[in-house]
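Okay, structure first, notes after.
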Amino acid sequence: MSEVKLAAETRTEFGKGAARRIRRDSKVPAVVYGHGAEPVHITLPGHELLLALRTPNVLLSLDIEGKTQLAIPKAVQRDAIKGFLEHVDLLLVKRGEKVTVEVFVQTEGELAPGSFLLEHVLNTLTVEAEATHIPESVTVSIAGLEAGASIHAKDIPLPKGTTLAIDEDAVVLQVLSAQAEEPSEGETAGDEAAEA
């Protein structure tokens, strides 16, 4: 996983008015916290941050007044209509430190021939990994699976140094048979209307 370097500025103004002014300048208000330190209020360049957040669990290298600190996004607030970034919470991390994050579950392969549906019970998997080696996603094969088959958290191969942080028996994916609803024998649309 690569680091994205961002220049941060500390912020002294707070409140809605200050946040609006920051966003008008194409910047995003943010808070950096963790490791028992006091939270630091900063502003980040909006466009660069938006590009960085396209990578799940991105590792950010923040230059805050000449001091470099590593952080990962913990909470991202976006405008519900326009989608621009409103505020970001960042968690400080250190090299070698383990962090708990959610990674996307991707599938590869085709289900067995027939009318089967794949249900994603969990779209993400909670794992523990080193802060500088967080996987973007995990991939599991669904090739040849039929109705009734399920894939548990323990069945998903994880990158080296990554461990599960949820129950290993949690169902992540399951295969269902596609069923079309058909009227039962002897029942017609007229009978249903008469019953109503």
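The values are calculated or read from the model by the stated rules, or taken from the named source; none is laboratory data. Bear in mind that the values here come from a model prediction, so they are computed numbers and not experimental data. Positions of Cβ are backbone-derived with ideal geometry, glycine not excepted, and every protein chain shown enters the neighbour counts. We work out accessible area using only protein heavy atoms, side chains counted, and drop any ligands, DNA or RNA first. Shrake-Rupley method; radii C 1.70, N 1.55, O 1.52, S 1.80 Å.
Can you pull the percent of segment 99-149's accessible area that's carbon plus sulfur, 1.4 Å probe, other chains left in place? The computed percentage sits at 46. Projecting the Cα atoms of 26, 55, 156 onto the charge dipole of the chain (Cβ charges, centred on the Cα centre) puts 26 farthest toward the positive pole. Looking at segment 1-95, the chymotrypsin sites (Phe, Trp or Tyr not before Pro) that sit in a DSSP loop and have at most 11 other Cβ atoms within 10 Å of their own Cβ are 14.
Taking all C-alpha pairs of segment 78-165, those more than 22 Å from each other amount to 45 percent.
Here the contact order of segment 10-51, divided by its residue count and restricted to Cα pairs under 8 Å and six or more residues apart, works out to 39 percent. A Cβ-based charge dipole, computed about the Cα centre of the chain with Lys and Arg at +1 and Asp and Glu at -1, lands at about 2020 debye. In a shell of Cβ-Cβ distance under 10 Å around residue 58, excluding residue 58 itself, what net charge do Lys and Arg (+1) and Asp and Glu (-1) give? Overall, the nearby charge balance is -1. Within the accessible surface of segment 1-40, defined with a 1.4 Å probe on protein heavy atoms only, the carbon and sulfur portion equals 49 percent. Near residue 25, once Lys and Arg are set to +1 and Asp and Glu to -1 for all other residues with Cβ below 13 Å from its Cβ, the sum equals +4. Taking a Cβ cut-off of under 10 Å around residue 88, the surrounding Lys, Arg, Asp and Glu residues balance to a net charge of 0, with basic ones at +1 and acidic ones at -1. Within the listed set 69, 106, 77, the Gaussian network model of the chain (springs between alpha-carbon atoms below 10 Å) gives the highest mean-square fluctuation for 77. Across the chain, Cα pairs under 8 Å and at least six residues apart give a relative contact order of 17 percent.
When the listed pairs 67/94; 5/94; 16/82; 27/98 are checked against a 21 Å cut-off, the alpha-carbon distance exceeds it for 27/98.
As a length-normalised measure over Cα pairs under 8 Å and 6 or more apart, the relative contact order of segment 106-162 settles at 52 percent. Looking at the chain, the accessible area is 61 square angstrom per residue; that uses a 1.4 Å probe and ignores ligands, DNA and RNA. Restriction of the GluC sites (Glu not before Pro) in segment 100-132 to DSSP coil positions whose beta-carbon has at most 15 other beta-carbons within 10 angstrom yields 110.
When +1 charges are put on Lys and Arg Cβ atoms and -1 charges on Asp and Glu Cβ atoms, the dipole computed for segment 1-68 relative to its Cα centre reaches about 380 debye. Among the trypsin sites (Lys or Arg not before Pro) found in segment 23-84, those both in a DSSP coil and sparsely packed, with 10 or fewer other Cβ atoms within 10 Å of their Cβ, are 54, 82. Less than 5 angstrom separates the built amide H of residue 145 from those of 112, all sequence-distant by 5 or more or on a different chain. Translational diffusion of the chain, estimated by Stokes-Einstein from the Kirkwood radius over alpha carbon pairs at 37 °C in a medium of 0.692 mPa s, is 163 µm² per second.
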